[in-house]
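Reviewing the structure listed below.
The values are calculated or read from the model by the stated rules, or taken from the named source; none is laboratory data. Keep in mind that what you see is a predicted model, and the values were worked out from it rather than measured. Cβ placement follows ideal geometry from the backbone for every residue including glycine, while neighbour counts extend to all protein chains displayed.
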Amino acid sequence: MTPPKRRYRNAAATLALLPMAATVVFAYAGTMAWTVRVSFSSSRTLPASDFVGLRQYERLFETERWTLSLQNLALFGIVFLVACLVIGFLLAIFIDQRVRGEGLLRTVFLYPYAMSFVATGLVWQWMLNPGLGLQATLRGLGLEGFTFDWIVRQDMAIFAVALAAVWQSSGLVMALMLAGLRGIDESLWMAARIDGIPAWRTYASIVAPQLGPSFATAFVLLAVTVVKVYDVVVAMTLGGPGLASEVPAKFIIDNLFGRANIGLASAASTVMLATVLAFLAPWLHARRRPAHGGGAFAA
Amino acid sequence: MSAVFGHANEPPTAARTRPAGRRLPRPARIGLYAFLLTAAAFFLLPLYVMVVTSVKPMEEIRAGNLFAWPVHVTLAPWVQAWLSACTGLQCEGIRGGFWNSVAIVVPSTVASIALGALNGYALSFWRPRHGEALFLCLLAGAFIPYQVMIFPLVRALSMLGLFGTLPGIVLIHTLFGMPVMTLLFRNYYAAVPRELFMAARIDGGGFWRIFVQLMLPMSLPIVVVALIMQVTNIWNDFVLGLVFAGRENLPMTVQLNNIINTTTGERLYDVNMAATLLTSLVPLAVYFVSGRWFVRGIAAGAVKG
């Protein structure tokens, strides 16, 4: 279906897109420009219009809480992405083996995704609390040495948060992968079968490559979650114990509204923006030249 | 060009049959079910714990068995969570947050879907100059972290007198929902035969008439998908409500967090879990009722080129 070249331009159509144009110009581009500008000023409680060069950035990277937040985000991001993708992929493949109760299993694996990250964080906070939660329960059942106290340990708190987030999000990967698996041509399975290729090889060599687009979509959706991660931390650990589970989004919100450090917060936002743009630019570039295979969001 | 939404009319029960050859041998099948059941237990455990904790008196909770079925089932924690759980000095339960969330979700959902449909329609059929470039910028905006935009938006809304008001938070949800809603409808309309639009043009239909009388009635499947997505997302939002809604309009998620994380004195785990369940009730109901339609919303961005 090749659309005709002729365009139906119309005043009403242009008018109708004004809210969208205003959103892009003011709410997106304008706010970004403002934040970048403020990051070069000495703003504290109120935005100032002076120019202090990179001083806020120097301050930012001398702030332990920020560098720790970045480290935590990296740890959280890696664990979250890998665990969600692996668990989701395995669940999808296993469900695809004509199991009984497929619909029920799918429902069970995906329901956490309907829950908010706040509720997720609160439930896991309760289950992981060492005094009355899983640890106490299993010790009470006779496993005296059982220890599961991540949530109160400096070195493990961020993994406790990741565990909760993985519980919430891996169903998403399962759903996307399963849709991908169901989209694969049946005759491929027949051919592999006739050629005597074992099932695991068929998955590894024939099926997996075809799941590329599903995989890319899952990756993009999960990556967006990683960058935005805030609610689950606030609900579960409030960034603690100490600074053990602080994340950049929380650093920024706290400095904007709690500590009146607008310049510093803007510098931190700009760092995050630059990081996201660094990943986004290749994708935008690819979109300008279509017909380069189908990635996530390629329309 | 096959959009995911091309499938939107497919009967939601079509489970495809596999060639018989793919049945695994017996021991492997046992392992398979063992894995799936273990996973199911892991996914269900928090829900079970929430439910059990929320109907247990505090004395039983203090005994320290998370999984134990309550000896005395009580609904008192639910009543307390709804009517009288405390945030600081205020003890009015979570019901205020529930109604605030309803007041935020309904107009935000309607506005964002209406705008998304309009944008998608204008982009797909009328192709205004620079429309695609604009759309690309809008999509890119979906990836920009909130934090970059939050403070300037707070200032802009303050200047407009909308900061901390219901219209303010509705506007914010509409702005942030626009990329995905536009994408959803644009792709849906891309799969509509252009000849249909042409015929309507020849019959003298103008921009709004074709939209309202021809395209909107055809859009029911995608409107349902959009509805599921927006109700769930906006209900589950935390940070936007926290920043923009103002003290009077705090959504349920924010009040839930306040009740649980800012209490002084003894922590009432039974009330906490009842409040958490109450807050999750709406999105969970949407999920269980909508079934496969929910999955279509998830795959919204996933469109093969």
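Quick one: is B:F244 at the interface with chain A (Cβ under 10 Å from one of its Cβ atoms) and in contact (Cβ under 8 Å) with a residue 12 or more places away in the chain? Spelling it out, it is not the case that B:F244 is at the interface with chain A (Cβ under 10 Å from one of its Cβ atoms) and in contact (Cβ under 8 Å) with a residue 12 or more places away in the chain. Hey, any hits in segment B:222-236 for a residue that's more than 19 Å from the chain's Cα centre (by Cα), touching a residue at least 60 places away in the same chain (Cβ under 8 Å) and either surrounded by fewer than 24 Cβ atoms within 10 Å (Cβ to Cβ) or more than 19 Å from B:L157 (Cα to Cα) (or both)? Within segment B:222-236 (the criterion being more than 19 Å from the chain's Cα centre (by Cα), touching a residue at least 60 places away in the same chain (Cβ under 8 Å) and either surrounded by fewer than 24 Cβ atoms within 10 Å (Cβ to Cβ) or more than 19 Å from B:L157 (Cα to Cα) (or both)), the answer is no, since none of the residues qualifies. The helices (runs of 4 or more DSSP H) falling completely within segment B:43-153 that include 2 or more residues that are closer than 23 Å to B:L284 by Cβ map to B:76-83, B:95-121. Residues considered: B:T276, B:T253. Of these, the only one that is among the hydroxyl-bearing types (S, T, Y), surrounded by 24 or more Cβ atoms within 10 Å (Cβ to Cβ) and within 20 Å of A:K228 (Cβ to Cβ) is B:T253. The conditions of being buried (at least 16 other Cβ atoms within 10 Å of the Cβ) and at pLDDT below 85 are not met by A:W167.
For segment A:93-131, the set of residues classified as free of Cβ contacts under 8 Å to residues at least 40 places away in the same chain and facing another protein chain (nearest Cβ under 7 Å) consists of A:F94, A:Q97, A:R98, A:V99, A:E102, A:L105, A:V108, A:A114, A:W126, A:M127, listed by residue number.
Just checking, does segment A:79-89 include any residue being more than 8 Å from chain B (Cβ to nearest Cβ), in contact (Cβ under 8 Å) with a residue 12 or more places away in the chain and more than 18 Å from the chain's Cα centre (by Cα)? No. Looking only at residues in segment B:126-168 that are at the interface with another protein chain (Cβ under 7 Å from one of its Cβ atoms) and of a type in the set (D, E, K, R), the one that is surrounded by the most Cβ atoms within 10 Å (Cβ to Cβ) is B:R127. Within segment B:169-183, identify whether any single residue is surrounded by fewer than 19 Cβ atoms within 10 Å (Cβ to Cβ) and among the β-branched types (V, I, T), and answer yes or no. Among the residues of segment B:169-183, not one is surrounded by fewer than 19 Cβ atoms within 10 Å (Cβ to Cβ) and among the β-branched types (V, I, T), which makes the answer no. The sole residue among B:F151, B:F143, B:F176 that is in contact (Cβ under 8 Å) with a residue 40 or more places away in the chain and either farther than 22 Å from A:L18 by Cα or aromatic (F, W, Y) (or both) is B:F176. Scanning segment A:10-41 for residues that are more than 7 Å from chain B (Cβ to nearest Cβ) and under 24 Å from the mean Cα position of the chain (by Cα) yields A:A29, A:V36. Annotation: of all residues in segment A:181-224 being facing chain B (nearest Cβ under 10 Å) and among the basic types (K, R), the one that is nearest to the chain's Cα centre (by Cα) is A:R182.
When the helices (runs of 4 or more DSSP H) confined to segment B:204-282 are screened for residues that are within 18 Å of A:Y113 (Cβ to Cβ), those reaching at least 3 such residues are found at B:220-236.
Here is a yes/no grid of residues against (1) under 20 Å from B:K56 (Cβ atoms); (2) not hydrophobic (A, V, I, L, M, F, W, C):
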site	(1), (2)
B:L83	yes, no
B:G96	no, yes
B:N100	no, yes
B:W126	no, no
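When A:D195 is tested against (1) more than 26 Å from A:G121 (Cβ to Cβ); (2) touching a residue at least 24 places away in the same chain (Cβ under 8 Å), only condition (2) is not met. Being farther than 25 Å from A:V25 by Cβ, surrounded by fewer than 17 Cβ atoms within 10 Å (Cβ to Cβ) and in contact with a Leu (Cβ under 8 Å, 6 or more places away or on another chain) is true for just one of B:L214, B:L196. Which residue is that? Within the list B:L214, B:L196, the selection yields B:L196.
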